[in-house]
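Report on the following structure.
The values are calculated or read from the model by the stated rules, or taken from the named source; none is laboratory data. Everything numeric here is computed off the predicted structure, so don't read it as measured data. Counting neighbours? That spans all protein chains shown, and the Cβs are built from the backbone with ideal geometry, glycine included. When the accessible area is computed, the model is the full protein with side chains, heavy atoms only, and any ligands, DNA or RNA have been set aside. Shrake-Rupley method; radii C 1.70, N 1.55, O 1.52, S 1.80 Å.
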Amino acid sequence: MNQKLIKHQYTLLFIFFILAFPVKAQEWIESPLLPDNEPFSLDMDGNYAIVGSPFNETDAGGQNDIDRAGAAFIYRLGSSGNWEFMQKIVAADRGNQDKFGFDVAISSEGYALVGTEFENAAYFFELNGNTWSEVQKIEGEQLQRFGVSVAMHEDKALIGAPGDDDFVGAAYSYQRDGNSGQWVEDREMKPPSSEQQGFGQALDISQTYIIIGAPFLDGSESGPNLGAAYIFTANGTFGQTLNFPLLQPGDRFGAQVAISEGTAIVGIPEHPLDDGGADDQGALNDGVLHPGIVGIFSGASWNLQKIVSPDRSANDQFGVWVDIQGDVAIVGADQEGLNANGEDFQAFAGLAYILERGGNGWSVVDKIEASDRDSFDNFGSRVAIGSFGASVIADDKTYFYRRCTEAQVASIMASSTSICHGESVLLTAMGLADGQGQWYQSSCGGSLLGAGNTLEVAPDATTTYFVSAGNCGAQVSCVDVTITVNPLPEISASTTQEMSGNDGTIDLTVTGGSPPYTYDWDTDGNNDFDDPEDLEELSSGTYTVTVRDNVGCTASLSIDLGQEMVTGLTIDNKTFLKVYPNPHTEGALCIELVRELPTKLTIKDLHGRALQRYALRGSEQLNLNTLPKGAYLLEFLFENKRLVKRWVKL
C-alpha cells in the first residue's frame, strides 16, 4: 500500500509474517540483513516488494554517477522464507536531480510504478521472466508535481499531482490495456472544493475504492493545514469526505492514507488529543508534544474508530505512516522512545505497531522493534504491509523478521494420495486461518516450498510433505502427508510392414507400471480399453495405443507402419540385386545378381523358421509353388559376410 508525504531520507527495514487469526501466541524472528540502499519509499504486494531510493546516484549497474538521479530496488519472497534482492531499476532517461523513486508501487501481477519528485513524470515497469523492464513513461504538466505519489492494485494505477491548478491538486487513474500493453488514463479526479489543499499528495487504491489525501486544506475558522481525505469508487467517481472530529491546526489529516477494500486508515502523527478527544499530552498547537493518533474508517457510511498507542506519550508520532491489508494494519511511531516491553528508553528509537480487527473493532495486538535498537533510529518512519509480510523503514539498517505462531494444523487434505507420474495434487491445510500455513518437503522446518493454506505439487517420486502453522525455529510443529507416485507403463513395439494389402502386424511389449494391463487402440474410436494387445492384418498408416495398468496409470505410443516392396538393392549407387515379381502370383521368382558373388539364400517364414536354402551364383529362377501363400523373408548372405533381408509376398 502507499502513503505519500515524504520529507526525509531513511533506510529500509523489512518485516514479514504470515497472517493468522486469532493469534494464540506469537513471536518475531529476525532474519538476515539486506544491503543498505538509501531507501526512502516502499510498497509491497504478494511476493514482491519495491524500495525507492531517490538520492541514489548510480545506474542499474552501479556506475555513471548522476546527482540524485534516483533508483528503485525490487525484492521477492524466496523459498527460504526470506526476502531476496531481485533487481535495481532506473529510468531510461535518468537525469540530474530527478529523484526517481520518490514514491513507488508494485503489483503482484508483475507491474511496478515509480514516481519522481522533480521530473513531473512516472515510469511503468513490467516483469518478463525474471527481468523488470521499463515499458512506459507518463509525463504531467509543469508545476503539477505529477508523480510525487503513486499507487497500484493489480492492473490499475494512480498518479498524484498535488501541485495542479495552483496547488488545488489532482489525481489520475490508469488501466492497463490487455491488447496493447499500454497504460491508458481513464479518469482525472479533483477535490469537491477549489481551495488550495494539495489533493493527491497521498493516495491508495483497492479493488473497489480509492482514497486521496489533501493534507494542506485549511479550516474555515479552525486554522491552517487541518487536511482532508476523500473516498472515490475505483472508477473515479467521488464518494464522500471522511469525517474526523476535532482536527487541530497542523494535523495535516490525509498526509498518510491507505485502503483495503471497504476499510481505510489515516495517520495523524501530530494530533494532540486522545481517542476520547482529551488533551492529556500538552497544550494544543505546541507543535512538539503531539503523541499522534490514527483513524480507521469502515462500513457503508465509513464510520470512524480512533486508535491511539497503548503506551501513548509526547512526541511518539504514532501514525507517522500507516498501511492496511485485510484485517491487519501496521502503524509507525518513529519517535517512540520505549521498547516493545515499555522499557529501556532511547530517544527517537521508534516502534511499529500491529493492529487487528476483531469482534469489537480494531485494537493494537503487537509491537515490533529492531534487535539492535538505538537512539535516533526512527524505526517506523515508513511502513507497508502485504499478503505475506510487512516492511518498516529505520535510520541506517535493513532488518528482516518473520512472525510465527503456536497454532496447530488439524490435518492435510489431499485431492489424491496416490497419483501417476506427471500428475499434480492439491494439498490443503485444515484447521488454519487464511494464509497461515507454511509448507516443507521431506522434513518439517526444512526447505520452504511456499506459504498459504494450499499447495499444488507434482512430485517425480513418492514424497512426504509437511505443513506448519508458522516458522518459529524449534517451535515448528507439523502434520504430514505422503503422496505415492506410481510409475507409468513403458511401451515398445515391433512391426511387420505391409507387403501386399492389409498384411502388416504390430507386436507390443509392455513393462513397468503395475500389471496386468489393458489396451485401447485408436482403430475403433472407442475409449473402452477392451482391445487386444497386438494387431494384425494392417494396412500402412499410424496407429496409437494407450495402455492402462492395474492402478489406472496410462501411457501412449504412436506407431508408424509402412509399406515395403522389394525392388532392388544397390551398392555404390549400382543395382546388383533384383527380386521380382513382388508380390509373386505364379511362375518362377526371378533373382538377378549383377555381380557373380558367392551367395547363400535362406527362405524363412514369419516365425523365423528356415524353409528352403539355395547356393546362388549369378541370376536364378526359383520355383516356390510348393510354399503356401503368405509373406516370407529372403536372407541373402554375400561372401559369408554381408547379410541382406528382403520380404516377398506369395
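Descriptive notes on the structure:
- Order of exposure, largest accessible area first, which applies to Ser415, Ser514 with probe 1.4 Å: Ser415, Ser514
- The portion of the accessible surface of the stretch 304-369 made up by carbon and sulfur, rounded to a whole percent, is 42 (1.4 Å probe; DNA, RNA and ligands excluded).
- Accessible surface of Tyr209 - all protein chains present, 1.4 Å probe, nearest 10 Å²: 70
- Highest mean packing comes first when the peptides 100-108, 132-140 are listed by Cβ atoms within 10 Å, giving 100-108, 132-140.
- Restraint check, Lys99/Lys306; Lys99/Lys156; Lys88/Lys397, Cα-Cα greater than 29 Å: Lys99/Lys306
- By accessible area, using a 1.4 Å probe on protein heavy atoms only, the stretch 127-169 has 39% of its surface on carbon and sulfur.
- Heavy-atom accessible surface of Met152, to the nearest 10 Å², is about 10 Å², with a 1.4 Å probe and all protein chains retained.
- Hz values of 3J(HN,Hα) by residue in the stretch 548-554 - Karplus curve (6.51, -1.76, 1.60), Gly and Pro given as x: 10, 8, 5, 9, x, 7, 10
- Residue ranking by accessible heavy-atom surface, 1.4 Å probe, largest first, among Leu203, Leu449 comes out as Leu449, Leu203.
- Other-chain or far-sequence residues with amide H under 5 Å of His290's (modelled H): Asn315
- Coordinate range along principal axes, alpha carbons of the stretch 113-208, Å, largest first: 46, 30, 19
- For GluC sites (Glu not before Pro), the sites in the stretch 579-650 that DSSP calls loop and that have at most 12 other Cβ atoms within 10 Å are Glu586, Glu596, Glu639.
- Per-residue SASA entry for His271, accessible area with 1.4 Å probe, Å² rounded to 10: 0
- Rounded percent of accessible protein surface that carbon and sulfur make up, the stretch 474-560, 1.4 Å probe: 41
- Counting only aspartates and glutamates at least 8 places from Lys629 when in the same chain, those with an alpha carbon closer than 17 Å to its own are Glu498, Asp503, Glu536, Glu537, Glu586, Asp605.
- The H on the amide N of Val551, modeled in the peptide plane, is under 5 Å from the matching H of Ser514, each at least 5 residues off or on a different chain.
- The alpha carbon convex hull volume per residue for the stretch 323-400 rounds to 82 Å³.
- When the alpha carbon gyration tensor of the stretch 188-245 is reduced to an equivalent ellipsoid, the three semi-axes, largest first, read 21, 11, 9 Å.
- Two-site label geometry, Arg613 and Ser416: point separation in nm, points 7 Å out along Cα→Cβ: 5.6
- In summary, the aspartates and glutamates within cross-link reach of Lys190, defined as a Cα separation below 16 angstrom excluding same-chain residues under 8 places away, comprise Glu141, Asp164, Asp165, Asp166, Asp204.
- For the stretch 128-144, 3J(HN,Hα) computed residue by residue from phi via the Karplus equation (6.51, -1.76, 1.60; θ = phi - 60°) reads 10, x, 10, 10, 9, 10, 5, 10, 6, 10, 10, 10, x, 8, 4, 6, 6 Hz, glycine and proline entered as x.
- Net charge over other residues, Cβ less than 13 angstrom from the Cβ of Lys629 (K, R count +1; D, E count -1): -2
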